[in-house]
Each structure stands twice: as C-alpha cells, then as structure tokens.
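Taking it in order: structure first as structure tokens, then the write-up.
None of the figures in this text is laboratory data; all of them are computed from the coordinates on show. Everything quoted here is computed from the prediction, not taken from an experiment. No Cβ is skipped: glycine too gets one built from the backbone with ideal geometry, and neighbour counts run over all protein chains shown.
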Amino acid sequence: MKREHFYLIQGFTSTIIAWLSDKLGILFPMLCIFVFMMIGDQFSGMFAAKKEAIDNPNDPTLGWSSKKWNSGIYKKCGNIIVVGVAITIDYVILRTAAYIGLTLSTQTIFGLLTIVWFILNELLSILENAGRLGAPLPDFLKD
C-alpha cells in the first residue's frame with residue numbers, strides 16, 4: 001500500500017473517532033472499554049474451554065465449539081443492541097426536555113448506566129474464565 005493511502009486511511013479514521021468522541025462525550029471512552037472487555041471475555045472463554053478440554057480429554061461436553069462461540073457472539077450483539085436502545089432513550093429524553101424548555105444537567109443517564117452494567121458483567125465473566133484457567137482468585141471474588 002502506498003504511503004499516501006495509509007495517511008488517507010489514518011486521517012479518515014482519526015476524523016471519525018474525533019467526531020464520535022465529540023458527539024458521544026463520556027459514552028465514547030466507555031463504549032471503547034465495553035468493546036475491549038467483550039473481546040477479552042470472548043477470548044478468555046475460548047482459552048478456558050480449550051484448557052478444560054485438555055484437562056478432561058474423556059468428557060466430550062467440554063472444550064471449544066462453534067455453537068458456544070456463536071451463542072456468545074449473539075449474546076454480545078444483543079448487549080450492543082440494548083446499549084443502543086439506552087442511548088436512544090437518553091437522546092429522546094434530552095431532545096424532549098429541550099423542546100419543552102427544561103435543562104438537564106447531564107447528557108446521558110440510561111446509556112451510561114447500561115454500559116457500566118455491561119462492563120461490570122464482562123469483567124465478572126473474565127474473572128470467571130481466569131479462574132477456569134487456573135488463576136488464583138480471592139475468596140470474595142469466587143463467591
């Protein structure tokens with residue numbers, strides 16, 4: 001690829017990221033963290049399933065399968081849809097409040113709460129997968 005094409009792609013990507021960051025505010029870094037946690041959860045689950053299959057070679061129910069992988073992907077797509085709905089609710093509330101003359105002190109309520117909830121859920125799942133991989137977890141996290 002020519003250097004000029006690389007700079008064009010880099011500039012376009014930077015512009016899109018800057019625009020999204022401006023429009024979404026605090027939601028943008030939270031969405032980035034959410035996506036990163038979803039990817040981490042998917043791969044940590046895959047590694048944990050592989051380790052369980054190696055540790056128990058006689059159990060055909062353990063191990064990686066495309067059915068489990070697809071189920072996880074569908075769940076994550078559903079989570080993204082829920083976050084999109086929550087952000088849309090925030091937008092509708094904000095626009096309606098502005099139309100009737102109310103000023104709100106925040107730009108997001110439901111979107112931020114939903115994203116934080118899902119981030120915590122993904123982190124919990126990553127911890128569970130780490131435990132399945134053999135990482136020592138404190139007792140309060142195991143419960």
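Can you tell me the order of 98-104, 49-55, 34-40 when each peptide is scored by its average per-residue count of other Cβ atoms within 10 angstrom, highest first?
On the way: 98-104: 8.4, 49-55: 14.7, 34-40: 16.4.
Sorting 98-104, 49-55, 34-40 by mean packing, highest first, produces 34-40, 49-55, 98-104.
Under 1.5 on a/c is rounded, so check that first for the chain, then, if it is not, pick prolate when a/b is larger than b/c and oblate when it is not; a ≥ b ≥ c are the square roots of the alpha carbon gyration tensor eigenvalues.
Values: a/c = 2.69, a/b = 1.58, b/c = 1.70.
Oblate.
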Stretch gain in nm, segment Phe36-Ile109, where the contour uses 0.36 nm per residue and the Cα spacing is subtracted: 24.1 nm
Which of Asn56, Asn129, Asn121 ends up with the largest GNM mean-square fluctuation for the chain, with Cα atoms connected below 10 Å? Asn56
Expressed in nanometres to one decimal, the distance between label points 7 Å along Cα→Cβ at Tyr91 and Leu124 is 2.9
Using +1 at the Cβ of each Lys and Arg and -1 at the Cβ of each Asp and Glu in the chain, identify which of Ser14, Leu133, Trp69 lies farthest towards the dipole's positive end. Ser14
How big is the dipole moment of the stretch 37-92 about its Cα centre under a simple scheme where the beta carbon of each Lys and Arg is +1, that of each Asp and Glu is -1, and everything else is neutral? Debye, nearest 20, please. 140
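Which whole-number percent is the relative contact order of the chain (Cα, under 8 Å, 6+ apart)? Mind showing how you got there, number by number?
Values: 87 pairs, mean separation 43.9, N = 143.
Relative contact order, the chain: 31 percent.
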On a 0 to 90 degree scale, rounded to 10, what angle separates helix 27-55 from the longest Cα axis of the chain? 10
With +1 on each Lys and Arg Cβ and -1 on each Asp and Glu Cβ, and nothing else charged, work out how big the dipole of the stretch 1-69 is about its Cα centre, in Debye to the nearest 20. 220
Which of rounded, prolate or oblate describes the stretch 1-79 when judged by the alpha-carbon gyration tensor and an a/c cut-off of 1.5? prolate
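For Lys75 and Leu141 in one chain, what is 0.36 nm times their gap in residues minus the Cα-Cα distance, to one decimal in nm? Display every interim value, and only then the final one.
Working: separation 66, 0.36 × 66 = 23.76 nm, distance 2.34 nm.
Full extension of this stretch gives 21.4 nm more.
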How much mean residue ellipticity at 222 nm does the chain get from its helices, if each DSSP H run of length 4 or more adds -39500 (n - 2.57) and you divide by all residues, to the nearest 500 deg cm²/dmol? -28000 deg cm²/dmol
Specify the residue with the greatest mean-square fluctuation among Ser125, Ser105, Ser21, computed from a Gaussian network of the chain linking alpha-carbon atoms under 10 Å apart. Ser105
Given charges of +1 on the Cβ of Lys and Arg and -1 on the Cβ of Asp and Glu, with all other atoms neutral, how large is the dipole of the chain about its Cα centre, in debye to the nearest 20? 440
Just how many pairs of Lys in the chain have C-alpha atoms closer than 26 Å, counting pairs that are eight or more places apart or on different chains? 17
Take the Cβ-Cβ distance between Ile26 and Leu102 as r, set R0 to 30 Å, and report the resulting FRET efficiency rounded to the nearest 0.05. 0.90
